[in-house]
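Enquirer: Can you read through this structure? Questions will come right after.
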Amino acid sequence: MNVDGTKFRTIWLSKDGWAVEIIDQTRLPFEFVIVRLETSDHAATAIRDMWVRGAPLIGATAAYGVALAMRDDPSDENLGRAADTLMETRPTAVNLRWAVDVMKALLMPLSPNARAKAAYIRAAEICDEDVAICSSIGDHGMPLIHRAWEACGKPDWVNVLTHCNAGWLATVDWGTALAPIYKAHDAGIPVHVWVDETRPRNQGASLTAWELGKHGVAHTVIVDNVGGHLMQHGLVDLCITGTDRTTAAGDVCNKIGTYLKALAAHDNGVPFYVGLPSPTIDWTIEDGVADVPIEQRDATEVTQMTGRSASGEVVTVDIAPEHSHAANYAFDVTPARLVSGLITERGVSPASKDGLAALYPELAKKV
Ligand code: MRU
């Protein structure tokens, strides 16, 4: 997507042909900083500390992390060590496991001296595939927004609510939840987005608002508890979120708070869709509440907030008493029954085992 007239992806190979460059998302929206990753451990840190985040981008970064490891030392031992280190960075987004498994399956049978080249080629393919997948999600999701616009009776706008950041910053390009919004906007549909701020890390306020603004999409940042009220008053025509792991039965695990939005949408008859790239499907599990590992992060993300002061300095401040305990659950699970449909690269599927299996027979069959 464009940043002030320059086309960017979120991850790319440096001009030297081996280092990997990313946008440090912890610095947005106040600073646009590019960081160079030179080792596999560096890639692991970028994922763990959320310089990059969002399920598809985590997967892409892990793939390049394996490539960087193979450049350093293509032995079996180093491949295993790098894969394990990358896998431990974040537990919920299944794209991480998917990408590491894809890389290991490719590299293990190769002789060590062939591994680095093959790894870089496959990591680049994973990135290109993600762009194509997300673009297709946009194509399949855009008609949902068009229909919601026709149905809502408001010629001047259609209101979409989203949670967290499932835009191009969360993927290699386009985004998942935001891809249909970008395509709708580009096609002239007057789309306005309610952006949940998404405490504790504020991916909505700092990332979604930033990227929608750069693309010229009308949006309003709201605190996380506003969505239900807006829905009761007919001010949300459609919800679209992303997902970090969707089970074979269509349960959706996404950023904490997504479940409450789905409940409010269900209660108010508002359609609730999820942008779902196929690498985000975990075919090995069905019951999301029981079986998706939920990341718990440092309590300081809850007890502190970071922002820009009036003097222009980026500062972190405490917002809770010094000795209060805080819990930081990063994701929750929305049961399939609350999901109106899954917008995949192959079309919109019911959130069900049969729906997903019909779209991906070759993947569903394997497990
Ligand atoms: O903790 P994050 O910022 O990595 O969480 C991201 C999300 O929850 C996104 O909605 C999800 O990864 C979908 S990305 C297209």
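The values are calculated or read from the model by the stated rules, or taken from the named source; none is laboratory data. Computed from a prediction, not measured in an experiment: that's the story for all the values here. All Cβ positions, even for glycine, are placed from backbone atoms using ideal geometry, and neighbour counts span all protein chains on display. Surface areas here come from the heavy atoms of the whole protein model, side chains and all, with no ligands, DNA or RNA. Shrake-Rupley method; radii C 1.70, N 1.55, O 1.52, S 1.80 Å.
Enquirer: Tell me, which helices (runs of 4 or more DSSP H) lie completely within the stretch 34-152 with 3 or more residues that are assigned by TED's automatic domain parsing to the domain that holds HIS185?
Expert: 112-152
Enquirer: Please specify each residue of the stretch 212-235 satisfying the condition of being closer than 17 Å to GLY275 by Cβ and open to solvent by less than 40 Å² (accessible area, probe 1.4 Å).
Expert: LEU212, VAL217
Enquirer: Now, a different point. Filter the stretch 14-28 down to residues that are open to solvent by 70 Å² or more (accessible area, probe 1.4 Å) and either under 26 Å from VAL315 (Cα atoms) or among the hydrophobic types (A, V, I, L, M, F, W, C) (or both), then give me how many there are.
Expert: Total meeting the criteria: 1.
Enquirer: Yes or no: ALA184 open to solvent by less than 10 Å² (accessible area, probe 1.4 Å), in the same structural domain as ILE343 (by TED's automatic domain parsing), within 10 Å of the ligand (Cβ to nearest atom) and touching a residue at least 40 places away in the same chain (Cβ under 8 Å)?
Expert: Answer is no for this residue.
Enquirer: Of all the residues that make up the stretch 284-301, how many are open to solvent by less than 40 Å² (accessible area, probe 1.4 Å) and not small (Gly, Ala, Ser)?
Expert: 4
Enquirer: Could I ask something else about it? Just a yes or no: is a residue in the stretch 111-129 open to solvent by 50 Å² or more (accessible area, probe 1.4 Å), more than 18 Å from SER75 (Cβ to Cβ) and of a type outside the set (Asp, Glu)?
Expert: Yes: one or more hits.
Enquirer: Is it true that PHE8 is of a type in the set (Phe, Trp, Tyr), open to solvent by 70 Å² or more (accessible area, probe 1.4 Å) and within 20 Å of the chain's Cα centre (by Cα)?
Expert: On the way: of a type in the set (Phe, Trp, Tyr): yes; open to solvent by 70 Å² or more (accessible area, probe 1.4 Å): no; within 20 Å of the chain's Cα centre (by Cα): yes.
No.
Enquirer: Can you say whether GLY17 is closer than 23 Å to VAL131 by Cα, within 16 Å of the ligand (Cβ to nearest atom) and either touching a Phe, Trp or Tyr at 6+ places or on another chain (Cβ under 9 Å) or modelled with pLDDT under 95 (or both), as far as the supplied structure shows?
Expert: no
Enquirer: Let me ask something else. Between VAL274, VAL236, which is in contact (Cβ under 8 Å) with a residue 60 or more places away in the chain and more than 16 Å from the ligand (Cβ to nearest atom)?
Expert: VAL236
Enquirer: Looking only at the stretch 304-332, count how many residues are in contact with a Cys (Cβ under 9 Å, 6 or more places away or on another chain) and open to solvent by 20 Å² or more (accessible area, probe 1.4 Å). First the steps, then the outcome.
Expert: Within the stretch 304-332, the subset in contact with a Cys (Cβ under 9 Å, 6 or more places away or on another chain) is 331-332.
Subsequent filtering for residues that are open to solvent by 20 Å² or more (accessible area, probe 1.4 Å) retains 332.
Residues meeting the conditions: 1.
Enquirer: How many residues does the stretch 187-211 hold that are on the phi > 0 side of the Ramachandran plot, open to solvent by 10 Å² or more (accessible area, probe 1.4 Å) and either under 15 Å from the mean Cα position of the chain (by Cα) or in contact (Cβ under 8 Å) with a residue 60 or more places away in the chain (or both)?
Expert: 1
Enquirer: Would you pick out the residues in the stretch 29-68 that are open to solvent by less than 30 Å² (accessible area, probe 1.4 Å), within 16 Å of the ligand (Cβ to nearest atom) and β-branched (Val, Ile, Thr)?
Expert: Across the stretch 29-68, the qualifying residues are ILE47, VAL52, ILE58, THR61.
Enquirer: Cβ-Cβ below 7 Å, separation at least six or inter-chain, first residue in the stretch 133-154 and modelled with pLDDT of 95 or more, second surrounded by fewer than 17 Cβ atoms within 10 Å (Cβ to Cβ): which pairs?
Expert: Partner pairs satisfying both residue conditions: HIS140/GLY347; MET142/ALA187.
Enquirer: Is the stretch 283-296 home to any residue that is more than 13 Å from the ligand (Cβ to nearest atom), over 30 Å from GLU362 (Cβ atoms) and among the aliphatic types (A, V, I, L, M)?
Expert: no
Enquirer: Please give the number of the condition ILE22 fails out of (1) in a loop (DSSP other than H, G, I, E, B); (2) within 16 Å of the ligand (Cβ to nearest atom); (3) without any contact (Cβ under 8 Å) to a residue 40 or more places away in the chain.
Expert: Exception for ILE22: condition (1).
Enquirer: Taking the residues in the stretch 187-212 that are closer than 18 Å to VAL33 by Cβ and not in a helix (DSSP H, G or I) as candidates, determine which candidate is farthest from the ligand (Cβ to nearest atom).
Expert: Filtering the stretch 187-212 for residues that are closer than 18 Å to VAL33 by Cβ and not in a helix (DSSP H, G or I), the one farthest from the ligand (Cβ to nearest atom) comes out as ASN202.
Enquirer: While we're on this one: Only residues that are within 16 Å of the ligand (Cβ to nearest atom), hydrophobic (A, V, I, L, M, F, W, C) and assigned to a loop (DSSP other than H, G, I, E, B): list them for the stretch 153-179, please.
Expert: Residues satisfying the conditions are CYS164, ALA166, VAL172, TRP174, ALA177.
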